[in-house]
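Below: the structure, in structure tokens.
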Amino acid sequence: MPRFRQIAEILKLMGKKEQIRNLGVIAHIDHGKTTLTDSLLVGAGLLSSTATGPARVLDYLEEEQKRGITMKTANISLLYRTASGSFVINLVDTPGHVDFTGKVTRALRAIDGAIVVVDAVEEIMAQTEIVVRQALEERVRPVLFINKVDRLITELKLTAEQIQKKFTRIIGGFNDLIEIYGESPFKEKWKVDAAKNSVAFGSALHRWGFTLNTAKVSNMKFSDVIAAYEKAAHEELQKTLPLHTVILDMAVNHIPNPLEAQKYRLEKIWRGNLSSEIGQAMLNCDDNGAAVMCITNVQADPQGGLTATGRLFSGTLKTGAAVYLVNANVEGVISQVSIFMGAFKEPVNQVTAGNVAALSGLTQAKAGETLVASEHKAEMAPFERISYVSEPVLTVAVEAKNPAEMPFLLGAMEKLAVEDPNVAVEVDRTTGECLLSGMGELHLEVALKLLSEYGGGVAIEASSPRVVYCESITRKSLIATAKSPDKQNKFVVQVEPVNEQFITLIAQGTTAREKTNVLAVDEQHKNVLINCTSAPMNTRGITTSLTSGFEYACKAGPLCGEPLRHVQVNLLKMQLNENAECCNPVEITHGVGKAIFGAVLTAKPVLLEPVYRAAVSVPTELAGECSRILSGRRGKISKFEQKGALAVIRGYIPVAETFGLAEEMRSATSGRAFWQFVLERWSKMPEKLASEVIAETRKQKGLPSEVPKPERFLEDA
């Protein structure tokens, strides 16, 4: 028997595409996403009206409840009844903290529209810009909810005219983001307009809200809202202007249904032939076509195994169906199809196209995977890779306190890497050294806690976080020749700084790769290996070995064993021993790696450090003190903005300079400053600092103290 009475009606509506809305809630941290979601659940009858605010229903992890922030995506299917008919709202609540932005990116693949929540006091912040940009890149249509309007009245004591100016500034800033990041066919249509009711105003905490239309229908003026707070009668606003009705009406009227959305989204997110049978089935959101799903999230099931969640673009998925995972190149059987209701999974017989579903039984599923019905695997192309706006910049070394529990830790590391692709895991099974890299200190802190849980409570020791650096080059190298360790094979390479647009181009499709003779691409660090020899790579084993050598060199450069970045490797010549036995793959791999290392060392190598884009909101009288703190940590101030009583300081600060910054900032401002850091770029370190970091890193890794000379790797031609 289902836990929720609405399930039967929801399942009936899932087959009616025009009555489905796949919707996300996205925002800067602490702007009210989860409180808004709780309000929507109250309106749908899934949560008591006395529970909203502190309930945080979709924050079902213990760590989320404790910290009061969302760390993962959570789904729920709502039944929304209107005078014109009923709708299924497949709702996704997402994290706002920048450390978990990868989860937002993956969630966007599953939805067609997003409610962007903006705090009326703080206005548009750094993470607001990031999530809007992410949404537009996935062709997800945004609408705007300006939250915490009550604070403008009760705390800032603004007049109606001042509040109106604030609203106008927020809407203008929001539309500026759409102008900057939106695509030409959509940007004008998708800009929000209060007059067209694509902007809502209100208080998620107090559960009231309005668009201009609902205010007109209810015969309410903004002066009435102000008066309600002055009389401490704001509870009455819940009855007159119920928030859930306003938000869900806005979603129904402005967010496209899956049949509409897939017609323009598919060409952006799927690399296959749209004219093919599978392409047409997805374009038309056809229940009778091949079952195709993009898996956007994978998490551990309390009953064992994994639960894979994703968007079904065509076909029908049933329990017991045989499916094929395209990227993993494995087949599997779905042991159970479910729909998510917050922390609960509700088993169902089947789910049809255009909906979000949860699947059990697929042990090798990962986030970003393409799933297709087994009978159609031969003609299926994968979805485009999900592009993240950030990457791991901090690393800790972890080990089990009890060496006998090391196998449990290794298993937990593998499980964590499956659930969170934004965690980078490196395990040396010989030495037992485990490295865990994440987006920031909070991301690593949560990952370490999960490691202990996934390992069955294994006690873990972790080092202090250290910054991830990268090695790069500043000029074209000399032509470098190296031999394989057995001296039987010779490789001639030249390296040069890469054009990042070129990397993006060749990562998008096979045509560009073929035209430029690309053998391998390291998309994360923007490196590429190009065959400049006259001989084609007609032996698969040789190509694989060459690629392995390239990957080996990219993983740990010659300066201090940090990854190479922005390097183009041109393979100019290759002389292999005619005896096949002498073409050992390991020898070729190490020979290519040696040639690349030698070439890099002749190309004026440098150390790159990650740099955050910073936005600090603070009362105006404390702005000078915050600027002083940032400048004292090698930060550069780029802009000051005045937003009412708050000043917003924008600038840049190296990641290495942010350790201990929180304590210093809180102490200097008595906890009144709020800041957000987002990875902006990788920049060349000052030479003196770079030398110190190189020396320290080599010491940490047990490498010889001196950076090697090119001659160590190279041979005379």
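The values are calculated or read from the model by the stated rules, or taken from the named source; none is laboratory data. Values in this document were obtained by computation on a predicted structure and should not be read as measured data. Note that each Cβ is placed from the backbone with ideal geometry, even for glycine, and that neighbours are counted across all protein chains shown.
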Worksheet item: Restricting attention to region 602-623, does a residue exist that is surrounded by fewer than 18 Cβ atoms within 10 Å (Cβ to Cβ), more than 31 Å from the chain's Cα centre (by Cα), modelled with pLDDT of 90 or more and closer than 27 Å to Phe550 by Cβ?
Response: yes
Response to the item:
Given (1) in contact (Cβ under 8 Å) with a residue 12 or more places away in the chain; (2) of a type in the set (A, V, I, L, M, F, W, C); (3) outside the structural domain of Ala83 (by TED's automatic domain parsing), Val199 misses just (3)
Fill in: Set Val199, Val225: member being at pLDDT 95 or above, under 21 Å from Thr35 (Cβ atoms) and β-branched (Val, Ile, Thr)
Val199
Worksheet item: Taking into account only those residues within region 1-58 that are among the basic types (Lys, Arg) and either within 17 Å of Leu91 (Cα to Cα) or at pLDDT 85 or above (or both), which is surrounded by the fewest Cβ atoms within 10 Å (Cβ to Cβ)?
Response: Lys12
Worksheet item: Looking at Asn213, Asn219, Asn197, which one is at positive phi and out of contact with any helix residue (DSSP H, G or I) (no Cβ under 8 Å at 6 or more places or on another chain)?
Response: Asn219
Discussion item. Tell me the residue from Val121, Val131 that is at pLDDT below 95 and within 30 Å of Glu267 (Cβ to Cβ), please.
Written reply: Val131
Worksheet entry | Answer residue from region 374-421, given it is in contact with a strand residue (DSSP E or B) (Cβ under 8 Å, 6 or more places away or on another chain), modelled with pLDDT of 85 or more and assigned to a loop (DSSP other than H, G, I, E, B) and is surrounded by the fewest Cβ atoms within 10 Å (Cβ to Cβ) among those | Lys401
Worksheet entry | Yes/no for Lys483 being in the same structural domain as Val567 (by TED's automatic domain parsing), more than 23 Å from Pro610 (Cβ to Cβ) and in contact (Cβ under 8 Å) with a residue 24 or more places away in the chain | yes
Worksheet entry | Residues located in region 126-183, provided they are of a type in the set (Ser, Thr, Tyr) and touching a residue at least 60 places away in the same chain (Cβ under 8 Å) | Thr128, Thr154
Discussion item. Step by step: first the residues of region 319-333, then only those that are more than 20 Å from Ala300 (Cβ to Cβ) and small (Gly, Ala, Ser), then the one that is surrounded by the fewest Cβ atoms within 10 Å (Cβ to Cβ). Which residue is that?
Written reply: Gly320
Worksheet entry | Evaluation of Glu663 against (1) modelled with pLDDT of 90 or more; (2) not in a strand (DSSP E or B) (one fails), failing number | (1)
Worksheet item: Could you say which residue among Lys709, Lys688, Lys701, Lys684 is without any contact (Cβ under 8 Å) to a residue 24 or more places away in the chain and closer than 20 Å to Pro605 by Cβ?
Response: Lys688
Item to complete: Could you run through region 294-337 and say how many residues are over 15 Å from Gln364 (Cα atoms) and modelled with pLDDT of 90 or more?
Response: 13
Worksheet item: If you go through region 663-684 one residue at a time, how many are surrounded by 15 or more Cβ atoms within 10 Å (Cβ to Cβ), touching a helix residue (DSSP H, G or I) at 6+ places or on another chain (Cβ under 9 Å) and within 18 Å of Ser627 (Cβ to Cβ)?
Response: 8
Discussion item. Restricting to region 334-366, give me the number of residues that are part of a strand (DSSP E or B) and surrounded by fewer than 20 Cβ atoms within 10 Å (Cβ to Cβ).
Written reply: 6
Worksheet item: Hey, does region 631-641 have a residue that's surrounded by 22 or more Cβ atoms within 10 Å (Cβ to Cβ), among the basic types (Lys, Arg) and touching a residue at least 12 places away in the same chain (Cβ under 8 Å)?
Response: no
Discussion item. Residues that are more than 25 Å from Val586 (Cβ to Cβ), in a loop (DSSP other than H, G, I, E, B) and either at pLDDT 85 or above or of a type in the set (D, E, K, R) (or both): does region 540-557 have at least one?
Written reply: no
Item to complete: Could you grab the pairs with beta carbons closer than 7 Å, sequence gap of 6+ or different chains, first residue in region 660-675 and of a type in the set (Ser, Thr, Tyr), second one at pLDDT 85 or above?
Response: Thr669/Val618; Thr669/Leu622; Thr669/Glu625; Thr669/Cys626
